[in-house]
1. So for R24, R2, what's the accessible-area order with a 1.4 Å probe, most first?
2. Helix 2-18 versus the longest principal axis of the chain: what is the Cα-based angle in degrees, 0 to 90, to the nearest 10?
3. If DNA, RNA and ligands are ignored and the probe is 1.4 Å, what is the ranking of F60, F53 by accessible area, most exposed first?
4. Between R24 and R69, how many nm apart are label points set 7 Å from Cα along the C-beta direction?
5. Here are a few candidate values for Rg/Rh (Cα atoms, Kirkwood Rh): (1) 1.05; (2) 0.94; (3) 0.99. Which one was actually calculated from the structure I just gave you?
6. Dipole size in debye (nearest 20) for the chain around its Cα centre, Lys and Arg Cβ +1, Asp and Glu Cβ -1?
Amino acid sequence: MRERVEAALAKVRPAMQADGGDARVVDCDEESGTVSIEMIGACSGCPLSQLDFVYAIETFIRREVPEVREILAV
């Protein structure tokens with residue numbers, strides 16, 4: 001599951017990196033279906049990062065890995 005989450009995140013990563021930010025998978029619990037994502041770089045302090053998280057990251061992860069039940073920003 002983690003590999004597929006990483007692959008989904010890789011689809012939005014170029015846009016974040018273009019602005020000096022990024023995101024990384026902190027934890028991926030297959031039993032509970034919970035994924036923890038940390039916004040890093042410029043994204044960690046950007047007020048728009050929450051929108052990026054919800055509209056881009058969550059969308060791609062949920063589409064690519066349907067067994068994910070919860071995605072947490074840490």
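The values are calculated or read from the model by the stated rules, or taken from the named source; none is laboratory data. None of the values given here were measured: they were computed from a predicted structure. In this analysis, Cβ positions are derived from the backbone assuming ideal geometry, glycine residues included, and neighbour counts consider all displayed protein chains. To get the accessible areas, we keep the full protein, side chains included, count just its heavy atoms, and leave off ligands, DNA and RNA. Shrake-Rupley method; radii C 1.70, N 1.55, O 1.52, S 1.80 Å.
1. Most to least solvent-accessible, the answer reads R24, R2.
2. 10
3. The residues order as F60, F53, largest area first.
4. Reported label-point gap for R24 and R69 is 2.7 nm.
5. (2)
6. Once rounded to the nearest 20, the dipole reads 260 debye.
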